[in-house]
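Trainee: Take a look at this one; I'll ask things after.
The values are calculated or read from the model by the stated rules, or taken from the named source; none is laboratory data. Keep in mind that this is a model prediction, so the values were computed, not measured. Every residue, glycine as well, gets a Cβ built from its backbone with ideal geometry; the counts of neighbours run over all protein chains shown. Heavy atoms of the whole protein, side chains included, go into the accessibility calculation; ligands, DNA and RNA do not. Shrake-Rupley method; radii C 1.70, N 1.55, O 1.52, S 1.80 Å.
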Amino acid sequence: KAPVRMDDSTTIAKAYWASRELNLSHGMLVAVPNNDPAGENVERAIHKALAKAEAQGILGRDITPFILSEVASETGGDSLRSNMALVRQNAKVGADIASAIAVHGGNAGSRLANKEKQIQSLGTPGSTDEGRQRVLVVGGAVIDLISKPEDGQKLILGTSIPSVVTESDGGVARNVSEVLGLLGSRPALYSAVGNDPMGQSLLSRMHKDDLLVGVEQCIDVVDGARTATYFAVLNELGDLHTAVADMDVFNYIRPPPSEALRHADIVVVDANPPIDVLVRTAKMAVGANSKVFFEPTSVPKAREAARRKDFLSCLSYTFPNVDELMAMADGWNGTDEEHWVAMNDGLETIKAAAANLLTSMHPDEAHIIVTMGANGVLLASKEKQGAGPEFTHFPSESDVQIENCTGAGDSLCGAFIHALLNGQDESNAVRFGIRASILSLQYKDGAISKHLQQLDIEAP
């Protein structure tokens with residue numbers, strides 16, 4: 001049974017334009033009834049043939065030729081006449097719908113066309129008049145609520161303790177975009193927020209900070225949706241203990257327009273949008289000769305993305321932590337035992353998992369930047385097709401006073417990209433990324449340190 005019935009082309013055209021305005025990522029299938037009188041005779045013959053096929057045990061590839069033969073014999077040629085009538089009916093209905101879409105698009109069509117023109121007329125993100133590169137970022141924009149025990153307190157399960165709770169703007173894609181903006185590589189961020197007070201305040205701060213390109217054109221405001229919220233509980237050391245998230249609005253995130261992708265050198269995606277949006281964006285980016293960077297976001301989302309081999313094959317760079325790496329690589333289950341071994345066997349398990357994942361990534365060149373907490377960062381690189389991976393370990397800095405760990409990985413990712421845009425190789429880009437992550441680890445007032453603006457890529 002069809003989910004909805006529409007009896008005229010005007011109603012269908014209005015539904016089409018409503019779907020376009022809401023940026024719904026689906027098509028419309030219109031089923032056209034066959035009004036030819038012979039259709040009823042054919043319908044009866046089909047049901048009779050199906051029953052006969054079941055009685056005779058006819059299955060699989062044999063059933064279609066059997067049904068066609070039985071229906072043709074039973075109807076005495078009515079099936080052919082009915083099909084010809086249906087072809088003519090489909091053409092007529094299709095033409096009527098196309099005309100109605102053109103006539104009744106009205107303001108909806110104009111608004112969409114204006115939005116596309118605004119996107120095309122944006123200044124080049126991450127560029128200047130001298131022709132620096134462009135960056136697009138696709139993914140989550142979130143309100144972060146972070147709780148950390150007061151000095152001298154420790155978490156106790158089952159009860160409350162005195163804590164300091166801070167509110168700041170977050171989301172992996174938004175964080176990476178902020179890092180790029182603070183460093184001078186202004187990106188365009190494609191995301192979605194709810195049409196609610198939190199969403200409006202999030203957009204207002206983006207305007208005020210002036211670190212992104214085209215906030216109104218690139219971030220969709222969704223009526224009836226809740227702006228994404230992330231609540232994290234840190235332990236006394238500043239490490240993540242547990243977190244909860246309300247992220248349903250990310251189902252409305254859409255891929256960037258093809259015109260924007262054509263001018264992008266780098267497209268960064270986090271794992272928050274629907275997987276089909278990630279795959280479409282990555283494929284479109286590769287088709288436009290852009291390099292695709294992937295932030296896995298969480299273990300479940302990393303595992304879901306890794307199931308799509310057509311997505312992995314588009315990736316030139318990815319930034320997993322150890323657990324996300326194990327979830328993305330074939331042959332690992334992500335158990336606590338595997339994690340313990342990975343963190344205590346001299347990097348052998350992590351290197352094996354990275355080597356495995358590299359074989360599924362972009363065939364020409366691929367890099368994995370694994371963040372390992374106190375064990376530092378591992379860079380795994382496949383420079384050309386068929387070559388074995390190369391590994392470089394960057395030990396962690398000692399004596400870093402950790403205030404907030406929620407934005408350290410995103411700071412490393414954004415600073416790494418900024419370094420590449422400024423001509424650095426992957427090893428130097430990791431070093432620069434580590435410097436940025438340390439600044440955010442030491443920052444009390446949000447996930448991303450505002451002091452990144454003072455970070456000099458040329459300094460040691």
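Trainee: Sequence gap at least 6, Cα distance under 8 Å: using those rules, report the relative contact order of the chain to the nearest whole percent.
Mentor: On the way: 835 pairs, mean separation 53.3, N = 460.
Result for the chain is 12 percent.
Trainee: Same structure again: Among bridges DSSP assigns within the chain, what percent are antiparallel (round to 5)? Write down the numbers at each step before the final one.
Mentor: Working: 25 of 52 bridges.
Antiparallel bridges: around 50 percent, rounded to the nearest 5.
Trainee: Order of 50-58, 169-177 by packing, highest average Cβ count within 10 Å first?
Mentor: Values: 50-58: 12.1, 169-177: 28.6.
Descending mean neighbour count gives 169-177, 50-58.
Trainee: Quick one: with all protein chains in place, what share of the accessible area of segment 361-451 is carbon or sulfur, to the nearest percent (1.4 Å probe)?
Mentor: Working: 1660 of 3720 Å².
Carbon and sulfur atoms account for 45 percent of the accessible area of segment 361-451.
Trainee: In degrees from 0 to 90, rounded to the nearest 10, what is the angle of the helix 78-104 Cα long axis to the longest principal axis of the chain?
Mentor: 50 degrees
Trainee: Now, a different point. How large is the convex hull of the C-alpha atoms of segment 308-460 per residue, in Å³? Provide the component values of the computation, followed by the final result.
Mentor: On the way: hull volume 18.7 nm³, N = 153.
Dividing the Cα hull volume of segment 308-460 by its residues yields 122 Å³.
Trainee: Give me the Kirkwood hydrodynamic radius of segment 168-317, using the inverse of the mean 1/r over all pairs of distinct Cα atoms, in Å to one decimal.
Mentor: Working: mean 1/r = 0.0618 Å⁻¹.
Computed over Cα pairs of segment 168-317, the Kirkwood hydrodynamic radius comes out at 16.2 Å.
Trainee: Output the 0 to 90 degree angle, nearest 10, between the alpha-carbon long axis of helix 38-55 and the longest principal axis computed from the alpha carbons of the chain.
Mentor: 70 degrees
Trainee: Quick one: 3J(HN,Hα) in Hz for segment 321-331, Karplus 6.51/-1.76/1.60 with θ = phi - 60°, rounded, Gly and Pro as x.
Mentor: 3J(HN,Hα) across segment 321-331, in whole Hz: 7, 4, 5, 5, 4, 4, 5, 7, 7, 6, x.
Trainee: Given the pairs K208/K283; K291/K450; K154/K208; K148/K283; K309/K450; K14/K208, which are separated by over 30 angstrom at their Cα positions?
Mentor: Working: K208/K283 33 Å; K291/K450 27 Å; K154/K208 37 Å; K148/K283 41 Å; K309/K450 37 Å; K14/K208 37 Å.
Long pairs (Cα-Cα over 30 Å): K208/K283; K154/K208; K148/K283; K309/K450; K14/K208.
Trainee: Students often check this: by mean Cβ neighbours within 10 Å, which of 141-153, 404-416 ranks highest, and how do the rest follow?
Mentor: Values: 141-153: 18.6, 404-416: 27.2.
Final packing ranking: 404-416, 141-153.
Trainee: Then there is this: What percent do you get for the relative contact order of segment 238-289 when only Cα pairs under 8 Å and 6+ apart count? Walk me through the numbers before you get to the answer.
Mentor: Values: 31 pairs, mean separation 21.5, N = 52.
Averaging sequence separation for qualifying contacts and normalising by length gives 41 percent for segment 238-289.
Trainee: Rounded to the nearest 10 degrees, what's the angle between the helix 348-358 long axis and the longest principal axis of the chain, both from Cα atoms, 0 to 90?
Mentor: 40 degrees
Trainee: Can you check how the C-alpha radius of gyration of the chain compares to 2.2 N^0.38 Å, as a plain ratio?
Mentor: Numbers: Rg = 27.1 Å, N = 460, 2.2 N^0.38 = 22.6 Å.
For the chain, the normalised Cα radius of gyration comes out at 1.20.
Trainee: Related question: Go through 72-83, 261-272 and give me the packing order, highest mean Cβ count within 10 Å leading. Mind dumping the intermediate values first?
Mentor: Values: 72-83: 16.1, 261-272: 23.9.
So the peptides 72-83, 261-272, ranked by packing, come out 261-272, 72-83.
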